[in-house]
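This report concerns only the one structure given below.
The values are calculated or read from the model by the stated rules, or taken from the named source; none is laboratory data. All figures in this text were calculated on a predicted structure; none of them were measured in a lab. So basically every Cβ, Gly included, is an ideal-geometry build from the backbone, and we count neighbours across all protein chains shown. Only protein heavy atoms, including side chains, enter the accessible area calculation; ligands, DNA and RNA are left aside. Shrake-Rupley method; radii C 1.70, N 1.55, O 1.52, S 1.80 Å.
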Amino acid sequence: MIELIFWAVLFVVMVLLELLTLGLTTIWFAAGAIAAIFAQFLGAPFVIQAIIFLVVSIALLYLLAPWARRYFNKDRIKTNAQSLIGKQAVITEPINNLQSRGRVIVDGMEWSARYSGDSGCAPEGTVVRIKDIQGVKLIVEDVQEKE
């Protein structure tokens, strides 16, 4: 009976953590707790229940989590910064990848910027498109490259 309570409490904790984080991580451990509860009902000793919990949790985490993240998060933008990708920006300080200089302004905020190529250079006032974000730097490309 104590084992059943242990797995039930673990299940509830994992579900609550998942609801708080929405990271699609702890839900797999909740499923592992359910598998351990079934093993407990079948009379398996606690060691076997724990092994089943770990095997099921880890298997689901590695096999289903990547698919679930792609399916559930396909239209979700991870951060406000990620929403900048695809937008246009104006160069406020000439970009020179070799000298590791350059700044752009987008949505009223100034960012460090680099060209997506190795040796990109562009003068102030040039309009560019944001291709990616690496750390705190925007990776930009010429607008006509994408059109």
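Quick check on my filter: what residues within region 9-48 are over 27 Å from W67 (Cβ atoms) and open to solvent by less than 40 Å² (accessible area, probe 1.4 Å)?
Step one: filter region 9-48 for residues over 27 Å from W67 (Cβ atoms), giving 9, 40-48.
Selection gives Q40, A44.
Mind telling me which of the residues A59, A68 ends up being closer than 30 Å to I5 by Cβ, at pLDDT below 80 and open to solvent by less than 70 Å² (accessible area, probe 1.4 Å)? Steps first, please.
On the way: A59 fails: at pLDDT below 80.
The unique qualifying residue is A68.
Would you pick out the residues in region 11-33 that are part of a helix (DSSP H, G or I) and either in contact (Cβ under 8 Å) with a residue 24 or more places away in the chain or touching a strand residue (DSSP E or B) at 6+ places or on another chain (Cβ under 7 Å) (or both)?
Narrowing region 11-33 to residues part of a helix (DSSP H, G or I): 11-21, 27-33.
If the condition is that a residue be part of a helix (DSSP H, G or I) and either in contact (Cβ under 8 Å) with a residue 24 or more places away in the chain or touching a strand residue (DSSP E or B) at 6+ places or on another chain (Cβ under 7 Å) (or both), then F11, W28, F29, A31, G32, A33 are the ones that fit.
Take I95 and tell me if it is modelled with pLDDT under 90, over 30 Å from M14 (Cα atoms) and among the aliphatic types (A, V, I, L, M).
Values: modelled with pLDDT under 90: yes; over 30 Å from M14 (Cα atoms): yes; among the aliphatic types (A, V, I, L, M): yes.
Taking the combined requirement at face value, the residue satisfies it.
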